[in-house]
Amino acid sequence: FDDSSGLPKLSLSIQVGERDFVHTLETKLKVSAVEAVRIMREEGFDVSRGNGWAIVILQEKVQAIVRELEKSFEYYERSTGNKIERVILSGMGALIAKLGDYLLPNLRRPILLGDPTIHLKQTINFPKSGHPLLYATLIGLYLRSTEKQNLQYSINFVNSWHEEHHSVPSQGRET
């Protein structure tokens with residue numbers, strides 16, 4: 001994060017996520033998607049849960065993420081001279097059991113689970129089956145809509161399209 005603005009200095013989106021994890025578990029363990037999600041969230045990288053197959057299966061996909069992160073970290077640190085001090089996980093794939101514990105020795109940086117509610121002024125009671133990360137986009141849109149200073153940066157394609165295609169020509173006289 002940039003200390004002066006509080007904004008992230010680097011944000012990465014790696015195209016491996018929960019859908020890939022669920023599909024891999026479904027295929028290799030021959031279980032339903034619902035069971036694959038349960039295994040991922042309850043067993044994941046937790047060596048004390050399940051029979052250990054989830055770890056073996058998920059490890060291949062997560063190592064692909066680790067390799068991408070290492071390349072990106074190296075590029076960023078070399079080009080800016082700044083160090084990446086921590087990793088914040090987001091998205092539904094971040095809910096894999098003990099994922100942070102698995103990533104810590106691989107990435108050698110503190111691993112945090114993102115909390116999209118951190119800037120909310122009121123408390124939200126999420127359903128038992130729902131983690132705040134599952135609502136991150138909705139929470140972000142809500143926060144964005146309530147911050148007046150952000151309105152100057154918003155994009156409203158409908159208004160600009162409407163003005164462009166439905167403007168009334170001026171009725172001035174020619175002289």
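Pick out the one residue from L103, L95, L89 that is in contact with a helix residue (DSSP H, G or I) (Cβ under 6 Å, 6 or more places away or on another chain), surrounded by 15 or more Cβ atoms within 10 Å (Cβ to Cβ) and hydrophobic (A, V, I, L, M, F, W, C). Spell out the reasoning first.
Values: L103 fails: in contact with a helix residue (DSSP H, G or I) (Cβ under 6 Å, 6 or more places away or on another chain); L89 fails: in contact with a helix residue (DSSP H, G or I) (Cβ under 6 Å, 6 or more places away or on another chain).
Criteria check complete, one pass: L95.
Of the residues L141, L134, only one is outside any loop (DSSP other than H, G, I, E, B), at pLDDT below 85, open to solvent by 30 Å² or more (accessible area, probe 1.4 Å) and within 25 Å of A64 (Cα to Cα); which?
Testing whether each residue is outside any loop (DSSP other than H, G, I, E, B), at pLDDT below 85, open to solvent by 30 Å² or more (accessible area, probe 1.4 Å) and within 25 Å of A64 (Cα to Cα) leaves just L134.
Restricting attention to the stretch 19-67, report how many residues are within 16 Å of L103 (Cα to Cα) and either open to solvent by less than 80 Å² (accessible area, probe 1.4 Å) or of a type in the set (F, W, Y) (or both).
Qualifying residue count, the stretch 19-67: 18.
Write out, first by first residue and then by second, each pair whose Cβ atoms fall under 6 Å of each other, whose residues are 6+ apart or on separate chains, and whose first residue, in the stretch 91-116, is over 22 Å from I39 (Cα atoms) while the second is of a type in the set (D, E, K, R) and open to solvent by 30 Å² or more (accessible area, probe 1.4 Å).
These pairs meet every condition: R109/R86; P110/R86.
Quickly run through the stretch 80-121 and pick out the residues that are in a helix (DSSP H, G or I) and either under 14 Å from I65 (Cβ atoms) or modelled with pLDDT under 80 (or both).
Passing the criteria: M92, G93, A94, L99, G100, Y102, L103, L104, N106, L107.
The values are calculated or read from the model by the stated rules, or taken from the named source; none is laboratory data. Since the model is a prediction, treat every value here as computed from it, not as a measurement. All Cβ positions, even for glycine, are placed from backbone atoms using ideal geometry, and neighbour counts span all protein chains on display. SASA here: full protein model, heavy atoms, side chains in, ligands and nucleic acids out. Shrake-Rupley method; radii C 1.70, N 1.55, O 1.52, S 1.80 Å.
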